[in-house]
């Protein structure tokens, strides 16, 4: 997690499917899902650290990621979901 | 899925329609909001709003399900003030008892 962003707009990414330790901004329903980086939202203090009164450094790059929308019936719809995901929750997707 | 869903992380569940009805803000709600803004302001910096979220996520399932929105804030910020050694549980209980006694005497 250096200063340089790991992903660029257009990159295919996968949200890590792991158990969060403490406070986590990555929603459960997106874990393990593939998406596309749309833009970089900036660099922000790590919310998991801030939640424990720690400084939140180094800052994390936050990405706006687009996902296919899956309805309550489990089927993909024509809609899409935009979510802001921190770099430490994203992996490269094939 | 190898992770488990936390109690607050309910996005995507079929829980029926959202109640979008509004009510006038109460004095209690405004006070809790003001307390949080003051405690998280740079000048005070008792804790970050991220810690408030974490403290709410640490509630029991019963508290999480049944506490009204601003009462979640109030309970969480109380827990954080004790955690950060700003106030002790004893100090809070003593002040509440004093205010309750004052109210009982018609002030």
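Residues of A:45-54, mean number of Cβ from any other protein chain within 10 Å of their own Cβ, rounded to a whole number?
For this peptide, the per-residue mean of nearby foreign Cβ atoms is 5.
What does the average come to when, for each residue of peptide B:46-58, you count the partner chain Cβ atoms lying within 10 Å of its Cβ? Write down the numbers at each step before the final one.
Values: counts 1, 4, 9, 3, 12, 7, 1, 6, 9, 2, 1, 4, 2.
Neighbouring Cβ atoms belonging to other protein chains average 5 per residue here.
Ranked highest first by average number of other Cβ atoms within 10 Å, how do A:69-82, B:10-23 line up?
Top of the packing list down: A:69-82, B:10-23.
Treat each spin label as a single point 7 Å out from the Cα along the C-beta direction, and report the residue A:92 to residue B:105 distance in nm.
With each label placed 7 Å out from Cα toward Cβ, I get 7.3 nm.
I need the shape label for the stretch B:49-107. Rule: rounded when a/c is under 1.5, else prolate if a/b > b/c, else oblate, with a, b, c from the alpha carbon gyration tensor.
It is oblate, given that a/c is not under 1.5 and a/b is not larger than b/c.
Across all directions of projection, what mean area in square nanometres is found for the Cα convex hull of chain A?
Working: hull surface 25.7 nm².
If you wrap the Cα atoms of chain A in a convex hull and average its projections, you get 6.4 nm².
Compute the long axis of helix B:69-83 from its Cα atoms, compare it with the longest principal axis of the Cα atoms of chain B, and write down the angle in degrees, 0 to 90, nearest 10.
70
How are the alpha carbon pair distances in chain B distributed across 5 Å bins from zero to the largest one, expressed in percent?
2, 10, 15, 19, 20, 15, 9, 6, 3, 1, 0, 0
Taking every pair of alpha-carbon atoms in the protein assembly as shown, what share in percent sits in each 10 Å bin, from 0 to the bin with the longest distance?
For the protein assembly as shown, the pair-distance distribution reads 7, 25, 31, 23, 9, 4, 1, 0.
What does the average come to when, for each residue of peptide B:11-18, you count the partner chain Cβ atoms lying within 10 Å of its Cβ?
3
Given the -39500 (n - 2.57) contribution per DSSP H run of 4+ residues, what per-residue ellipticity at 222 nm results for chain A, rounded to the nearest 500 deg cm²/dmol?
Using -39500 (n - 2.57) per qualifying helix, the result is -500 deg cm²/dmol.
Any read-out appearing in this document is the output of simple, stated calculations on the displayed coordinates, not a laboratory observation. A quick note: this is a predicted structure, and the numbers were derived from the prediction, not measured. All Cβ positions, glycine included, derive from the backbone under ideal geometry; neighbour counts span all protein chains shown.
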